[in-house]
Amino acid sequence: MIKVILIIFAVLLLFIGWYVKQNITKLEVLFSTENHQNLIGFSSSYLILGVLGLLLGIFLATQTAALFFVAIVLIISGFFSVQLAKKMK
C-alpha cells in the first residue's frame, strides 16, 4: 500500500513541477516577475523530488522512508511558499 501511495505522490509531484515549468510566464502575472528564479527553483525541486519519490516507491517502500520523503517535500514546499510570499505585490 505504501508503495502505491508513494508512486502516486511522486507522479503528482512530477506533474506539478512540469506544469509550473511550462507556465512560468503565466504564473509571473500572479506572483510578480521578481519570483522568476523562485518559480524555476520550485519546479526543478518538485521534478527532482518526483524522480526521487519514484525511485523510493519502487525500490525502498518502507514506512520510515515514506515519512522521511513526505517531511522533505513539506519542508521544501514551506520554504518556497515563504519565498514567494515575501516577493508578492
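GNM remark for the chain: springs join alpha carbons under 10 Å apart, and the peak mean-square fluctuation among Ile72, Ile24, Ile16 falls on Ile72.
Got the relative contact order for the chain handy, in percent, Cα pairs under 8 Å and 6 or more residues apart?
43 percent.
Hydrophobic, long helices, defined as DSSP H runs whose alpha-carbon span along the helix axis is 18 Å or greater and whose mean Kyte-Doolittle value is at least 0.0, occur in the chain at 2-22, 36-59, 63-86.
What do you get when you divide the Cα radius of gyration of region 2-86 by 2.2 N^0.38 Å, with N the number of residues?
Values: Rg = 13.7 Å, N = 85, 2.2 N^0.38 = 11.9 Å.
Region 2-86 yields a ratio of 1.15.
Can you give me the C-alpha center-to-center distance between region 1-61 and region 68-89, rounded to a whole angstrom? One Cα centre to the other: 12 Å.
Every number here is computed from the coordinates shown, using simple stated rules; none is lab data. Just so we're clear, the structure is a prediction, and the values are computed from it rather than from any experiment.
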